[in-house]
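Beneath this line is the structure, given in structure tokens, with notes to follow.
Quick note: the coordinates plus some simple rules give every number you see, no bench work behind them. Small disclaimer: the values here were computed from a predicted structure and weren't measured. Because the Cβ atoms are built from the backbone with ideal geometry, glycine has one as well, and the counts that use them run over all protein chains shown.
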Amino acid sequence: MGRAAQTKEQQLIYLKLRTKLLAQVVETMDSETAEPSDLDNVLKMLNDLKIKVQRFHDDWI
């Protein structure tokens, strides 16, 4: 994912891949071994995704 997503299609592909990655990270978390830093990582991923969605939204209007 090194190149910038410029078309709507590329942007949607990017979002789908990122949400799958986020889901995989959460799925691999274990309640016995998860630490606050793991949740910090999930929060960072969510915030980064939110920024991308906002940028793509601005591109679409």
Checklist outcome for this item: With the charge dipole of the chain built from beta-carbon charges (+1 for Lys and Arg, -1 for Asp and Glu) about the Cα centre, the Cα from ASN47, TYR14, PRO36 projecting farthest to the positive end belongs to TYR14
Next on the checklist: To make sure I understand the rule: partners must be lysines, Cα under 19 Å from the Cα of LYS8, and not fewer than 8 residues away in the same chain. Which ones qualify?
Outcome noted: LYS16, LYS20, LYS50, LYS52
Checklist outcome for this item: If every Lys and Arg gets +1 and every Asp and Glu gets -1 at its Cβ, then about the Cα centre the chain yields a dipole, in debye to the nearest 20, of 500 debye
Checklist outcome for this item: Those GluC sites (Glu not before Pro) from the chain that are DSSP loop and have at most 14 other Cβ neighbours within 10 Å turn out to be GLU32
Checklist entry - Pick from LEU15, LEU39, LEU49: which residue has the top mean-square fluctuation in a GNM of the chain where Cα pairs under 10 Å get a spring? => result LEU39
Item to check | Sequence of ASP38, ASP48 once ranked by neighbouring C-beta atoms within 10 Å, starting from the fewest | outcome: ASP48, ASP38
Checklist outcome for this item: With the chain reduced to its Cα atoms and the Debye formula applied, log10 I(q)/I(0) at q = 0.26 1/Å amounts to -1.09
